[in-house]
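Report on the following structure.
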Amino acid sequence: MSEYRHYNHAVGLCTVHLVWIPKRRKKVLVDKIRDRIYEIFAEIATEKGWNIKALEVQPDHIHLFVEIHPTDAIYQVVRAFKGRSANYLRKEFPELKKLPSLWTNSYFFKGSRQSKH
């Protein structure tokens, strides 16, 4: 059984599984770019108080399983990870500027919110 987190007026576990791809499903998430994604995502999670349960970076897609606050909207979580990573990666790796944008606008999510009664 998972350990529940305690919030001001709630006790529970809120996790979301996210998947998204680079623009045109290009296989650009390799080597130093892949390594940098892990660093950027860890930084974001720490800053936001989220807990990354699993992160898999494949050459053409990302799987992220993250525990978030119950008040966080999924679109805000996606925006935080995709937005900052696109900004940093395109500055640090000029070859990514060949794509019109790093990520597509779409993403897959499966959320799970459990509370303790």
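The values are calculated or read from the model by the stated rules, or taken from the named source; none is laboratory data. Since we're looking at a predicted model, the values are computed, not measured. Here Cβ is always computed from backbone atoms with ideal geometry, including for glycine, and neighbour counts include all displayed protein chains. Just the protein is used for accessible areas: all its heavy atoms, side chains included, with ligands, DNA and RNA removed. Shrake-Rupley method; radii C 1.70, N 1.55, O 1.52, S 1.80 Å.
For residue 95 and residue 76, compute 0.36 nm times the residue count separating them, minus their Cα-Cα distance, and round to one decimal in nm.
Values: separation 19, 0.36 × 19 = 6.84 nm, distance 2.74 nm.
Length gained between residue 95 and residue 76: 4.1 nm.
Under 5 Å between amide hydrogens, which residues at least 5 positions from residue 11 or on another chain qualify, with H placed 1.01 Å from N in the peptide plane?
116
Heavy-atom accessible area per residue, the chain, 1.4 Å probe: how many Å²?
Details: 7220 Å² over 117 residues.
On a per-residue basis, the chain sits at 62 Å².
When only the heavy atoms of the protein chains count and the probe is 1.4 Å, how do 110, 48 rank by accessible area, highest first?
Working: 110 135, 48 90 Å².
Solvent-accessible surface, decreasing: 110, 48.
Could you give the length gained on full extension between residue 13 and residue 63, defined as 0.36 nm per residue of separation minus the Cα-Cα distance, in nm? Kindly include the intermediate steps, with their values, before the conclusion.
Values: separation 50, 0.36 × 50 = 18.00 nm, distance 1.93 nm.
So the extension gain works out to 16.1 nm.
Which of these, 11, 19, 30, has the largest mean-square fluctuation under a Gaussian network model of the chain (Cα springs below 10 Å)?
11
With each pseudo-label sitting 7 Å past Cα toward Cβ, what's the residue 112-residue 39 distance in nm, one decimal?
The modelled label-to-label distance comes out at 3.2 nm.
When the accessible area of the chain is computed with all protein chains present and a 1.4 Å probe, what percentage of it is carbon and sulfur?
On the way: 3640 of 7220 Å².
Accessible surface attributable to carbon and sulfur in the chain totals 50 percent.
Once the Cα gyration tensor of the chain is found, what semi-axes does its equivalent ellipsoid get, as square roots of 5 times the eigenvalues, in whole Å, sorted largest first? If you can, show how the numbers build up before the last one.
Working: eigenvalues 167, 34, 28 Å².
Three semi-axes, in Å: 29, 13, 12.
Could you give the length gained on full extension between residue 3 and residue 51, defined as 0.36 nm per residue of separation minus the Cα-Cα distance, in nm?
16.0 nm
With unit charges on the beta carbons (Lys and Arg positive, Asp and Glu negative) and the dipole taken about the Cα centre of the chain, which residue among 21, 40, 6 sits farthest to the positive side?
The residue sitting farthest along the positive end of the dipole is 21.
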